[in-house]
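The values are calculated or read from the model by the stated rules, or taken from the named source; none is laboratory data. Everything numeric in this text was worked out from a predicted model, so none of it was measured. Positions of Cβ are backbone-derived with ideal geometry, glycine not excepted, and every protein chain shown enters the neighbour counts.
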Amino acid sequence: MPYTDTLTPGVPLDQIGQTLASFYDDLITEGVPAHLAALVKRVKQSQPASAPERNGSDRPVGEAKPVHLAIVVEDEPAIRQLAETLLEETELEVIGCPSAEEALAVLRQRGGEVALVFADVRLAGEMDGMQLARAVATLWPRARLVVTSGHVIRRPDLPPDAVFIAKPWRPMDVLVEAERAAREPAPPIS
């Protein structure tokens, strides 16, 4: 069963995310870069028209255990693999992405399952980790955001609920955030 918003029982969060994404082009007047809007539009167009009824993963509807997904977004393969290996020790299913564009494609398909987005600030591709974090905070507000960088990040530049972990990060810090993402209830959609 897809996750649903408690304010509107029965409406899947993926449907809410898709609706938000459909209005996203109108929201770019708030200063979101045009290339981000174009990227969201490309991701929307790559979405299959219809999919078989699933509970958010490759499991058919009716299977009991809900999926909690972690997305690791890091363009350095060795660091991405280290974070993936670390997070695989948790209850989260892990998907690694070398770019924000690939992470958005995963979010578009499985956004209602995403419990954690762990993203570096500097990424290959047109979009950086800060732009990804703002997109996630806007379109998938229930995902826990952890932003990492070897450079100083000012708090006002981060989305309000994002957590910053400086590089080199300690495995325990990442595991604590993963545990929170898997166990704590998602913030309400306001």
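Assorted remarks:
- Residue satisfying all of: in the stretch 119-138; in contact with an Asp or Glu (Cβ under 9 Å, 6 or more places away or on another chain) and touching a residue at least 60 places away in the same chain (Cβ under 8 Å); surrounded by the most Cβ atoms within 10 Å (Cβ to Cβ) among these: Met127
- Matching residues, the stretch 148-157, being under 20 Å from the mean Cα position of the chain (by Cα) and modelled with pLDDT of 90 or more: Thr148, Ser149
- Matching residues, the stretch 128-147, being within 10 Å of the chain's Cα centre (by Cα), among the small types (Gly, Ala, Ser) and not in a loop (DSSP other than H, G, I, E, B): Ala133, Ala135, Ala137
- Test result for Asp173, in a loop (DSSP other than H, G, I, E, B), among the acidic types (Asp, Glu) and farther than 16 Å from Leu69 by Cβ: no
- Residues that are of a type in the set (A, V, I, L, M) and surrounded by 18 or more Cβ atoms within 10 Å (Cβ to Cβ) within the stretch 77-92 comprise Ala83, Leu86, Leu87, Leu92, listed in sequence order.
- Only a single item in (1) in a helix (DSSP H, G or I); (2) in contact (Cβ under 8 Å) with a residue 12 or more places away in the chain; (3) farther than 20 Å from Ala181 by Cα is not met by Pro156, and it is number (2).
- Top-ranked residue of the stretch 139-158 - restricted to ones that are β-branched (Val, Ile, Thr) and buried (at least 21 other Cβ atoms within 10 Å of the Cβ), ranked as farthest from Ala103 (Cα to Cα): Thr148
- Considering residues of the stretch 89-125 that are aliphatic (A, V, I, L, M) and in a helix (DSSP H, G or I) only, the residue nearest to Pro141 (Cα to Cα): Leu107
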